[in-house]
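Trainee: Quick one: this structure, given as structure tokens, is what I'll be asking you about.
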Amino acid sequence: TAALSVTNEDALLKMLSVVVYTGAEWVDSADSVALDATVEPKIALKSTITAEGDLAKIVVYAEFEDGTWEDVTDECDLSLIDGSGSLAFVDETTLQVQPGAVALCK
């Protein structure tokens, strides 16, 4: 069961967080779980774009002053300012490392 609360009050936007990730991995997973056990799965996002052709997904989260958050990726128009030409959008939420990319972080 889940508790649900619906209100008619506005919540002020506190922050937008842009997350760029290339994958995820399970962390702290149990080796085995009993049939009647309760587990809390956890993942860690990975962000490794190191070679031409590598892809990364982008999501945008809105955090509100009341502590709630929401995935607002579909409501955002993302753009990229990259003077080196090393990255480009291949669709609305996916970046790709371009041929001849310049290393930005070492």
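Trainee: For the chain, report the accessible area per residue in Å² (1.4 Å probe, heavy atoms, rounded to an integer).
Mentor: The answer is 83 Å² per residue.
Trainee: Read through the labelled values (i) 1.32; (ii) 1.04; (iii) 1.45 and report the label of the one computed as Cα Rg over 2.2 N^0.38 Å from the structure.
Mentor: Among (i) 1.32; (ii) 1.04; (iii) 1.45, the one calculated here is (iii).
Trainee: Applying a 10 Å radius around every beta-carbon, put 77-84, 63-70 in order of their mean neighbour count, most first.
Mentor: Top to bottom by mean Cβ count within 10 Å: 63-70, 77-84.
Trainee: Which far-off residues, 5 or more places away or on another chain, put their amide H under 5 Å from the one on Asp54, with H placed in the peptide plane?
Mentor: Long-range HN contacts for Asp54: Val97.
Trainee: Moving to a separate point now. Amide H to amide H under 5 Å from Ser86: which residues, 5+ apart in sequence or cross-chain, H placed 1.01 Å off N in plane?
Mentor: Val102
Trainee: Can you compute 3J(HN,Hα) from phi for each residue in region 68-75, using the Karplus curve 6.51 cos²θ - 1.76 cosθ + 1.60 with θ = phi - 60°, rounded to whole Hz and x for Gly and Pro?
Mentor: 7, 9, 8, 6, 10, 3, 5, 8
The values are calculated or read from the model by the stated rules, or taken from the named source; none is laboratory data. Every value quoted in this text rests on a predicted model; they were computed, and no experiment measured them. FYI the Cβ positions are ideal-geometry reconstructions off the backbone, even for glycines, and counts take in every protein chain you see. Quick note on the areas: whole protein, heavy atoms, side chains included, nothing else; ligands and nucleic acids left out. Shrake-Rupley method; radii C 1.70, N 1.55, O 1.52, S 1.80 Å.
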